[in-house]
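One structure is given here, and the rest of the page talks about it.
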């Protein structure tokens, strides 16, 4: 079943035409990677799906329903979660409050917290600590956990390994694998080996357009075709 | 000669009765400042809007509270009933100005969120001018003197609130005690709202990162409306508290007289932090009370105490520009 359909999306920042007709599909249960160089429109694609930067034209359908024209919180209410670049945890809220605020129904909070602390036992240890006092890796865990605790069916994950030490990246990859057990993932990742390891399929974006797509099983991280699009 | 006079004044100040009296006066001032500034800081913390109309809304609250009391209180109304009616007036003005605040946010401020902050400043400043002139016209038309304190509203004060109550060596004004009680209630109420309710959690999350909060399913625009309404409701309730006060009263200049110290409190505490606002209100209120005692009793120059409040502002801005509890770059959307 197709969960997300992005069709001929054109998105602008002011006068700057960033997405020039992006089209892609994500099936339920898949992990799909969006790869490409910096500034080619990967993050903007995620923001366009969430309606944080609404497209000027084109269509974004989730479970067959049009999202363009809806507000971001309405998109989130439909089960689309966001694990953003640079984590963006609420630094003055405790770990537990960061998770509580992400659960749509207050009655579900105890069960959701129990479930997420089982997946991320480290976070349970810091539940009363302010998120701003956590390390970068711990904040990334919290960001992933926040996406999961919202009971989302689709998670839009943006550069989860950015700025993290290799050991922490491994832990984040494990966390994302755990997330993939529970939700469908559309993953933006510059770290090609990590992206290909996690994903079932990939799209390459260049200059605001999808230029390549395929199954990750058919390519390797040193594939010349991919390298061409990823090198500056 | 001057030194001897100063030492004599200092000895008098250090008398327990004087110290306690000044302390109670400081507490009452702190309570007033925190009630007014709390709304201002909540609005700035979440929405990044510096609401210049806040003082005018306090002034409107004082007039509406006064109007309610003048209409509800007759000559034969007893003291306890008057006090109860006063509490009802606070609740009515709170609800009324809350609704007005909600309408202002939806109708006037919301269309400006995507524009630079200067637009919101100009809008709220313009709103101040409109509200002040509107009240001036109405009070002139109905022969309610706009420049002096509104005596008819003052006249509704129960007799037992006018005289001091002796608590040991200190004479405490019951109105001051009432102001302190309502100030404490405001602080506890807002603290409980922010830390114990789900909506408070939304406010705190939205204050830090409104885009992330929206992406988590929070209708941030609705939270903006609720917070703006709460802020203006608090401003109005503070106005009712000032209606009977001998130092304030319902008058058009009340708008600027309350806005300036409220801004000082918010900036000294750190823009957008409620904890900072509470601490700064106590610092500013206590300093004001101490300086008022000194200047009124020994220098006999009553204009200077207000200056010290602004000296605190200058001092904090020089040493710690983000305020006592402020975080650089935090506040607004």
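The values are calculated or read from the model by the stated rules, or taken from the named source; none is laboratory data. Since the model is a prediction, treat every value here as computed from it, not as a measurement. Cβ placement follows ideal geometry from the backbone for every residue including glycine, while neighbour counts extend to all protein chains displayed.
Things worth noting here:
- Checking each residue of segment A:104-122 against the condition of being part of a loop (DSSP other than H, G, I, E, B) and touching a strand residue (DSSP E or B) at 6+ places or on another chain (Cβ under 9 Å) gives no match.
Each row is one residue, and each column tells you yes or no for (1) assigned to a strand (DSSP E or B); (2) modelled with pLDDT under 95; (3) over 26 Å from residue A:177 (Cβ atoms).
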| site | (1), (2), (3) |
| --- | --- |
| A:5 | yes, no, no |
| A:20 | yes, no, yes |
| A:26 | yes, no, no |
| A:44 | no, no, yes |
| A:52 | no, no, yes |
| A:55 | no, no, yes |
| A:59 | yes, no, yes |
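- Residue list for segment A:48-94, filter: within 17 Å of residue A:126 (Cα to Cα) and at the interface with another protein chain (Cβ under 8 Å from one of its Cβ atoms): A:90, A:91, A:92, A:93
- Meets criteria (in contact with a helix residue (DSSP H, G or I) (Cβ under 8 Å, 6 or more places away or on another chain) and either crowded, with 16+ Cβ neighbours inside 10 Å or closer than 30 Å to residue A:136 by Cα (or both)) for residue A:44: no
- Subset of segment A:212-232 [touching a residue at least 40 places away in the same chain (Cβ under 8 Å) and in a strand (DSSP E or B)]: A:213
Residues are listed down the side, and each one gets a yes or a no for (1) surrounded by fewer than 21 Cβ atoms within 10 Å (Cβ to Cβ); (2) out of contact with any helix residue (DSSP H, G or I) (no Cβ under 8 Å at 6 or more places or on another chain); (3) free of Cβ contacts under 8 Å to residues at least 24 places away in the same chain:
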site	(1), (2), (3)
A:168	yes, no, no
A:171	yes, no, no
A:177	yes, no, yes
A:185	no, no, no
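- The residues of segment B:13-62 that are assigned to a helix (DSSP H, G or I) and more than 17 Å from the chain's Cα centre (by Cα), listed by number, are B:13, B:16, B:17, B:18, B:19, B:20, B:21, B:22, B:23, B:24, B:46, B:47.
- Where residue A:97 falls short, out of the listed (1) out of contact with any strand residue (DSSP E or B) (no Cβ under 6 Å at 6 or more places or on another chain); (2) surrounded by 16 or more Cβ atoms within 10 Å (Cβ to Cβ); (3) more than 10 Å from chain B (Cβ to nearest Cβ): (3)
- Set side by side, the residues B:166, B:145 differ, and just one is touching a strand residue (DSSP E or B) at 6+ places or on another chain (Cβ under 9 Å) and either within 14 Å of another protein chain (Cβ to nearest Cβ) or under 30 Å from residue B:77 (Cα atoms) (or both), which is B:166.
- Members of segment A:162-179 found to be within 25 Å of residue A:72 (Cα to Cα) and in a loop (DSSP other than H, G, I, E, B), listed by number: A:162
Residues are listed down the side, and each one gets a yes or a no for (1) closer than 17 Å to residue B:39 by Cβ; (2) within 11 Å of chain A (Cβ to nearest Cβ); (3) surrounded by 15 or more Cβ atoms within 10 Å (Cβ to Cβ); (4) touching a residue at least 12 places away in the same chain (Cβ under 8 Å):
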residue: B:176; (1), (2), (3), (4): no, no, yes, yes
residue: B:195; (1), (2), (3), (4): no, yes, no, no
residue: B:200; (1), (2), (3), (4): yes, yes, yes, no
residue: B:206; (1), (2), (3), (4): yes, yes, yes, yes
residue: B:214; (1), (2), (3), (4): no, yes, yes, no
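- Subset of segment A:180-211 (residues that are in a helix (DSSP H, G or I) and in contact with a strand residue (DSSP E or B) (Cβ under 6 Å, 6 or more places away or on another chain)): A:180, A:195, A:198
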